[in-house]
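See below for the structure under consideration.
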Amino acid sequence: MEKGIFISFEGLDGSGKSTQMEYLRQYLDERGIPSVFVREPGGTSIGEKIRSIILDRQNAGMDPVTEAMLYAASRAQLVSEVIEPALAAGKVVVCDRYIDSSVAYQSFGRGLKYKVAEINEHAVRGVMPDVTFWLDVPPETGRARRTGREQDRLEAEQEAFFYRVQEGYQKLAEHFPERIRRLDGSLDREEIRERIVGFVKDMLDRRDAADCGEMADFPEGGEA
């Protein structure tokens, strides 16, 4: 059986993740490549209920630790129920956000003073993406692209929060240069599509030789 491939997309809301994931879905479908597309938080019945709690603006008083634990709980269910079985079946799994989001948003954005990655070690059970596409846009660009749509609890945060998140993504990209592929989210969407599809095509061509990602030593935000 062919080895499954795990791909994640990261970036601020408004970075173009959803558009590029849809392009990738079309590419895989056209070639008859079995794939599973999921999102975080969510992707399962339990995860979607957790998602509604996390993003509800009425929960503005949520403690950052509570938030981090909820993300990890949703992720644990997603890995167990969907991601692991799909990879075992040789499918391509494409996830809208994964553990990098927790590091960027909770560790750097919220400034949690302990390793957010440690919370997620049990959640992901060593299941890491083979490649992560980070669509990099300035926070003001992401906010402008979201204009006119209802903001969830995280999207309603102040600009300074998103600059800290952006710093987190930059640190992650520097820390995991082999896994995380930075893409300028301000480029034409078709140009971004060509780069992503080209990379995925190469991965599929050398599927048998592709190494799985590793769970190790995420950078931290906050203070010691």
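Worth pointing out:
- Single condition residue 63 does not satisfy, out of (1) within 21 Å of residue 103 (Cβ to Cβ); (2) in contact (Cβ under 8 Å) with a residue 24 or more places away in the chain; (3) out of contact with any Cys (no Cβ under 9 Å at 6 or more places or on another chain); (4) among the charged types (D, E, K, R): (2)
- The set of residues in region 1-54 being aliphatic (A, V, I, L, M) and over 30 Å from residue 139 (Cβ atoms) consists of 1, 5, 28, 33, 36, 46.
- Single condition residue 129 does not satisfy, out of (1) over 19 Å from the mean Cα position of the chain (by Cα); (2) at pLDDT 95 or above: (1)
- Candidates 176, 162, 199, filtered to the one that is hydrophobic (A, V, I, L, M, F, W, C), under 24 Å from residue 128 (Cβ atoms) and within 16 Å of the chain's Cα centre (by Cα): 176
- Qualifying residue in region 60-77 (condition: in contact with a Gly (Cβ under 9 Å, 6 or more places away or on another chain), over 11 Å from residue 43 (Cα atoms) and surrounded by 22 or more Cβ atoms within 10 Å (Cβ to Cβ)): no
- Search result, residues across region 171-204 that are among the small types (Gly, Ala, Ser) and crowded, with 16+ Cβ neighbours inside 10 Å: 173, 185
- Scanning region 105-116 turns up at least one residue that is in contact with a Lys or Arg (Cβ under 6 Å, 6 or more places away or on another chain) and at pLDDT 95 or above.
Here's the yes/no breakdown for (1) modelled with pLDDT under 95; (2) within 26 Å of residue 154 (Cα to Cα); (3) among the polar types (S, T, N, Q); (4) in contact with a Lys or Arg (Cβ under 8 Å, 6 or more places away or on another chain):
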site	(1), (2), (3), (4)
16	no, yes, no, yes
21	no, yes, no, no
28	no, no, no, no
33	no, no, no, no
42	no, yes, no, yes
48	no, yes, no, no
57	yes, yes, no, yes
62	no, yes, no, yes
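- None of 8, 18 is surrounded by fewer than 16 Cβ atoms within 10 Å (Cβ to Cβ) and either assigned to a strand (DSSP E or B) or small (Gly, Ala, Ser) (or both) except 18.
- Out of 194, 167, one residue alone is in contact with a helix residue (DSSP H, G or I) (Cβ under 6 Å, 6 or more places away or on another chain), modelled with pLDDT of 95 or more and either under 30 Å from residue 3 (Cα atoms) or in a helix (DSSP H, G or I) (or both). It is 167.
- Breaking point among (1) within 25 Å of residue 178 (Cβ to Cβ); (2) under 14 Å from the mean Cα position of the chain (by Cα); (3) outside any loop (DSSP other than H, G, I, E, B), for residue 74: (1)
The values are calculated or read from the model by the stated rules, or taken from the named source; none is laboratory data. This is a predicted model, so every value here is computed, not measured. With ideal geometry, Cβ positions are generated from the backbone for all residues, glycine too; neighbour counts draw on all protein chains shown.
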